[in-house]
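The values are calculated or read from the model by the stated rules, or taken from the named source; none is laboratory data. All values reported here derive from a predicted model rather than from experimental measurement. Don't worry about glycine lacking a Cβ; one is built from the backbone with ideal geometry, like all the others, and counts go over all protein chains shown. Remember, those area values only see protein heavy atoms, side chains included, never the ligands or the DNA or RNA. Shrake-Rupley method; radii C 1.70, N 1.55, O 1.52, S 1.80 Å.
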Amino acid sequence: MLEAPEAIDGPVLHRWARACVTGLAEHCDEINDLNVFPVPDADTGTNLVATMRSAVRAADAVRDGEHAGDVTAVAAALARGAVAGARGNSGAILSQVLRGLARGTADSADPGRLDGAGLRSALRHASTLARDAVSRPMDGTIVTVLAAAAHAVETAAPDVVLPDLVRTAADTAAAALLHTPAQLDVLGAAGVVDAGGRGLVVILDALVEVVTGRAPDRAPIPTRRGRPVPDGGHPCTDPQDCPVAPAAADQDYEVMYLVSGTDSDRIGKLRAVLGTIGDSVVIVGDGAGDDVGASATWSVHVHCTDAGAAVEAGLTAGVLSQVRITCFVLDAARTATTGRGPRAVLSIVAGQGAADLFAQEGAHVLRADDAITGADLLDAIRRTGRRDVTVLPNGALPAPDLVAVGAQARADGREVVFLPSSSTVQALAALAVHDPGRIGVDDAYSMSEAAAAVRWGSLRIADERALTYVGTCEPGDCLGLVGHEVVVIESDVAAAGRRLVELVLRAGGELVTILLGEKASDALGERIADHLTSRNPGVEVMVYRGGQGCDLLQFGVE
């Protein structure tokens, strides 16, 4: 195991952000099940994943730039992306955690990196920003859990090193989370911990794993599915029976939008007006103007009975964009009709890297490093806990097996759609256009179109002498396939890769995605990428470590 660093640079922070997406996606259903405050709409986990994913996209934009190694630049990008893509109350508060992180980097003794002093400052700023963002902070929420972690780190001995500080923050947050049912009546009555606080623990645990190389070992957190609960509470087995905060129970809509072209005075007036219109008012800035005391963009969140009035109030404060209005009653009816939670996407993949890519985009994953059966796929469909499931089979099972699995799933009362994806790279393209807000058939059509538009191929090492479409190969030769047909035979792997992708690019393309296999070196991906960009200046090349065992690499051209 590598020695834990004493400071975090830009690439490590970026890796942590991606780990947060993976962790939140893995715990998404669990966090949604905990969600009873301020309304039991079962979307806290979904909102946290969407917000963190938006933050990572913003950080991706600076990953290859001149400031990629600067932790301040990466942290600022994460904060901007989180505010722009904040979903729900919890997402808005998460954006302030990232904004606090950006502020804390300025207090590090090591320029361009986040050290122990910077972490103390970051959590202190994050706690203050989160509490200031909420019009009526309440004990027993994510704000309380964050404050406990910040205080523990702030009061730790001055000589405590960064790895121990991140463990202290995560362990204190986990302990504070278990006390939330005793602090907030609605949580105690439902017998659950705070959903947002649970998400924060996932985020801090991801930081521990990235910094120390080992994830904390946490006991399972009880949810509303009839399991034992902490602090002597009683489980709420039916989400519809779980109590809600009195103020939130009277509200019909959740309204969110971004405000730009404004200042802190006008935002203050907007906060006051929204307080008279509804509750759960959260207004957060992206920190882009922290040097002059204002933010370039503000994210606004409110629960109310008059969505139009909330939007009109925003128009008086500045320029609005990304207006989102959610009706709690319609969402509850939709959940009751279609089953718990929105439509799920399940992808069959080989390799840890590929699994992480899909999990980061919110998909459920069935690993197929070894052969799988229809029974394996049916079990994975059932484990999603959703009535509507879109499956990306990626060539792992023959069509008759998929038909049989579909029939069995429908017998369970599920609606399962199998998309025509033959490869992992096609599935990635399909997932990129997935929109859970669309009608299922429309979404499936868009995803199928995206998959079909990807021309794909792979590199493999021949293990026996065989006759192919382009000649006879010998054991040890590198084979280049387009789809399932061999079109290139070379003794040199890099030469085969270059020839293969160039053949596919002759038909046009703007983006090449390469997934490196378990036995492929990073240098192989770099050599092929450098060759493509030098010969095709208008083509973007993305290289990921997929970890699949059967192919040296798999690529897709769009």
For this session: Consider a paramagnetic label point 7 Å from the Cα of His484 along Cα→Cβ; state which residues of region 398-435 have an amide N under 15 Å from it.
Result: 398-402, 420-424
For this session: Please name which of Val454, Leu481, Ala77 has its Cα lying farthest along the dipole of the chain towards the positive end, using unit charges on Cβ (Lys, Arg +1; Asp, Glu -1) and the Cα centre as origin.
Result: Val454
For this session: Please get the size of the charge dipole for region 407-558, origin at its Cα centre, with Cβ charges of +1 on Lys and Arg and -1 on Asp and Glu, quoted in debye to the nearest 20.
Result: 100 debye
For this session: Compare the Cα positions of Gly112, Gln322, Tyr469 along the charge dipole of the chain (+1 at Cβ of Lys, Arg; -1 at Cβ of Asp, Glu; about the Cα centre) and return the one farthest towards the positive end.
Result: Gln322
For this session: Evaluate E = 1/(1 + (r/R0)^6) for Glu502 and Ala399, where r is the Cβ-Cβ distance and R0 equals 45 Å; express this FRET efficiency to the nearest 0.05.
Result: 0.90
Problem set entry | Extension gain (nm, one decimal) between Arg266 and Ser491, 0.36 nm per residue minus Cα-Cα | 74.2 nm
Exercise. By how many degrees, between 0 and 90 and to the nearest 10, does the Cα long axis of helix 399-411 differ from the longest principal axis of the chain?
Worked result: 30 degrees
Problem set entry | Computed label-point distance, nm, for sites Ala452 and Ala182 using a 7 Å Cα→Cβ extension | 6.0 nm
Problem set entry | FRET efficiency estimate (nearest 0.05) - Cβ-Cβ, Arg367 to Ala523, R0 45 angstrom | 0.95
Exercise. Along its principal axes, what span do the Cα atoms of region 449-558 show, with the longest given first and each in whole Å?
Worked result: 38, 26, 26
Exercise. Regarding the chain, what whole-number volume in Å³ per residue does the convex hull of its Cα atoms give?
Worked result: 159 Å³
For this session: Pop out the ³J(HN,Hα) list for region 344-357 in order, Karplus 6.51 cos²θ - 1.76 cosθ + 1.60 with θ = phi - 60°, rounded to Hz; leave Gly and Pro as x.
Result: 9, 10, 10, 10, 8, 9, 10, x, 5, x, 5, 4, 5, 4
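Write down the accessible area per residue of region 379-492 in Å², having rolled a 1.4 Å probe over the full set of protein chains.
49 Å²
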Exercise. Out of Val403, Gly413, Pro393, whose Cα points farthest toward the positive end of the dipole of region 367-417 (charges: +1 Lys, Arg; -1 Asp, Glu; placed on Cβ)?
Worked result: Gly413
Problem set entry | region 502-558 - share of DSSP beta bridges that are antiparallel (%, nearest 5) | 45 percent
For this session: Specify the angular offset, from 0 to 90 degrees and rounded to the nearest 10, of the alpha carbon long axis of helix 71-84 from the longest principal axis of the alpha carbons in the chain.
Result: 70 degrees
Exercise. With charges set only on the Cβ (+1 for Lys and Arg, -1 for Asp and Glu), what does the dipole of the chain come to about its Cα centre, in debye to the nearest 20?
Worked result: 600 debye
For this session: Taking the chain as the reference, fit the longest principal axis to its C-alpha atoms, fit the long axis of helix 264-277 to the helix C-alpha atoms, and give the angle between the two in degrees, 0 to 90, nearest 10.
Result: 80 degrees
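If you stretched the chain out fully between Arg382 and Asp139, how much longer would it get, using 0.36 nm times the residue separation minus the C-alpha to C-alpha distance?
So the extension gain works out to 83.8 nm.
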Exercise. Quick one: which of 461-468, 380-387 comes out on top by average Cβ neighbours within 10 Å, and what's the full order, highest first?
Worked result: 380-387, 461-468
For this session: Subtract the Cα-Cα distance of Ala296 and Thr533 from 0.36 nm times their separation in residues, and report this length gain in nm to one decimal.
Result: 81.8 nm
Exercise. Just from its helices, what would the mean residue ellipticity at 222 nm be for the chain, if runs of 4 or more DSSP H residues each count -39500 (n - 2.57) and the sum is divided by every residue, rounded to the nearest 500 deg cm²/dmol?
Worked result: -15000 deg cm²/dmol
Exercise. With each pseudo-label sitting 7 Å past Cα toward Cβ, what's the Ala175-Asp412 distance in nm, one decimal?
Worked result: 4.1 nm
Exercise. Restricting the count to DSSP beta bridges whose residues both fall in the chain, what percent are antiparallel, rounded to a multiple of 5?
Worked result: 70 percent
Problem set entry | the chain - percent of accessible surface contributed by carbon and sulfur, probe 1.4 Å | 52 percent
